[in-house]
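Read through the structure below, which is laid out as structure tokens, and then see the notes.
The values are calculated or read from the model by the stated rules, or taken from the named source; none is laboratory data. Keep in mind the model is a prediction, meaning the values are calculated, not measured. Here the Cβ positions follow ideal geometry from the backbone for every residue, glycine too, while neighbour counts run over all protein chains shown.
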Amino acid sequence: MKAALPPEGGSGNDGQVTLTMQGQVATLTFDRPAARNAMTWAMYEQLAMHCRTLAAQGNAGARVVVLRGAGGEAFVAGTDIAQFQQFSSGEDGVAYEARIDAGIRLVEQLPMPTVGVIEGWAVGGGLAIATACDFRVATPKARFGVPIARTLGNTLSALNLARLRAAWGLQPVRRMLLLAQILDADAALACGFLEGVYAAEALEGEVVVLCHRLAALAPVTQTVVKEALRRQTVAAVADTDDLVRWCYGSADFREGVEAFVGRRAPQWKGG
């Protein structure tokens with residue numbers, strides 16, 4: 001289905017990622033609602049710090065980690081696009097994708113099960129974070145996509161493509177990336193990306209039930225199965241840095257960023 005893109009904010013508000021604990025459940029909250037929780041560099045650094053803290057505690061700390069966005073309108077609406085204005089070459093794109101991969105890997109490698117709670121937009125980097133979770137639940141207004149063929153003209157790392165393909169299947173990923181489609185909650189549920197879709201008023205209760213089920217099971221089994229599945233997903237990933245370098249070094253990428261920040265339609269030239 002087609003849908004309007006979420007408005008992403010400028011870089012004036014760095015936002016924050018908070019970590020709270022309630023019993024055996026830790027919650028990571030992406031808190032920048034005025035910009036639909038679009039991630040700044042500072043937020044990526046905070047996410048990494050919290051993941052390291054949780055991983056160091058192991059199963060002696062949280063038994064389940066919930067990831068969610070503040071404000072009820074978005075999980076995470078990508079990376080703050082204004083930050084891309086600082087890029088000057090394809091090498092900046094390679095470094096950026098490697099940085100994102102490192103952050104996503106920390107979410108993936110948490111030893112305890114993770115649950116993504118999706119209300120509204122989970123696009124771009126937000127979809128990558130949601131995909132790194134073990135389970136996801138959503139409200140009917142949840143929307144998913146990576147519409148970079150329509151917006152920025154950049155690309156994804158090989159690792160992020162492999163994660164998306166493992167979670168969604170090949171054809172939905174093609175629709176999100178080649179057609180720039182935004183997929184709805186029903187499409188995400190149909191391919192198994194979501195565990196369930198619940199009315200907003202019922203969502204919290206369903207999250208609690210899922211967390212209790214996960215916390216009651218064998219933690220060592222959960223940890224080793226998570227890691228085995230992660231290794232299988234990334235084991236045969238091709239090196240595509242040359243393609244990332246080409247894309248981020250292109251005139252089309254510079255045009256896409258300038259157009260997005262200037263709130264106009266990009267004029268693609270293919271170079």
(1) loosely packed, with under 11 Cβ neighbours inside 10 Å; (2) outside any loop (DSSP other than H, G, I, E, B) all hold for Val207 apart from (1)
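Rundown of residues vs (1) buried (at least 19 other Cβ atoms within 10 Å of the Cβ); (2) of a type in the set (A, V, I, L, M), yes/no style:
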{"site": "Arg63", "(1), (2)": "yes, no"}
{"site": "Phe75", "(1), (2)": "yes, no"}
{"site": "Gly78", "(1), (2)": "yes, no"}
{"site": "Ser88", "(1), (2)": "no, no"}
{"site": "Thr114", "(1), (2)": "yes, no"}
{"site": "Val117", "(1), (2)": "yes, yes"}
Failed item in (1) within 23 Å of Val173 (Cα to Cα); (2) assigned to a loop (DSSP other than H, G, I, E, B), with Ala187 passing the rest:
(2)
Of all residues in segment 260-271, how many are surrounded by 18 or more Cβ atoms within 10 Å (Cβ to Cβ) and within 23 Å of the chain's Cα centre (by Cα)?
1
Selection within segment 238-259 - loosely packed, with under 15 Cβ neighbours inside 10 Å and not in a helix (DSSP H, G or I)
Ala238, Asp239
Can we say Thr240 is within 17 Å of Arg105 (Cβ to Cβ), among the β-branched types (Val, Ile, Thr) and under 19 Å from the mean Cα position of the chain (by Cα)?
no
I'm checking my understanding of the structure. Among residues of segment 218-235 that are closer than 11 Å to Pro111 by Cα and of a type in the set (D, E, K, R), which one is surrounded by the most Cβ atoms within 10 Å (Cβ to Cβ)?
Lys226
Residue list for segment 10-50, filter: more than 19 Å from Glu73 (Cβ to Cβ) and either free of Cβ contacts under 8 Å to residues at least 24 places away in the same chain or within 13 Å of the chain's Cα centre (by Cα) (or both)
Thr20, Gln22, Gly23, Tyr44, Glu45, Leu47, Met49
Test Ala56 against the criterion of being over 28 Å from Thr155 (Cβ atoms), more than 17 Å from the chain's Cα centre (by Cα) and not hydroxyl-bearing (Ser, Thr, Tyr), and give yes or no.
yes
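Considering segment 117-167 alone, what residues qualify as being polar (S, T, N, Q) and over 12 Å from the mean Cα position of the chain (by Cα)? If you could, list the steps in order and put the result at the bottom.
If we filter segment 117-167 for residues that are polar (S, T, N, Q), which is where we start, we get 131, 139, 151, 154-155, 157, 160.
Correct list: Thr139, Thr151, Asn154, Thr155, Ser157.
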Can you find a residue in segment 162-181 that is surrounded by 16 or more Cβ atoms within 10 Å (Cβ to Cβ), outside any helix (DSSP H, G or I) and modelled with pLDDT of 95 or more?
yes
Quick check on Met43: is it in contact with a strand residue (DSSP E or B) (Cβ under 6 Å, 6 or more places away or on another chain) and closer than 19 Å to Gly116 by Cα?
yes
Note: among Gly71, Gly78, just one is at pLDDT below 95, closer than 26 Å to Gly145 by Cα, out of contact with any His (no Cβ under 7 Å at 6 or more places or on another chain) and not polar (S, T, N, Q), namely Gly78
Does at least one position in segment 44-65 carry a residue that is hydrophobic (A, V, I, L, M, F, W, C) and touching a Pro at 6+ places or on another chain (Cβ under 7 Å)?
yes
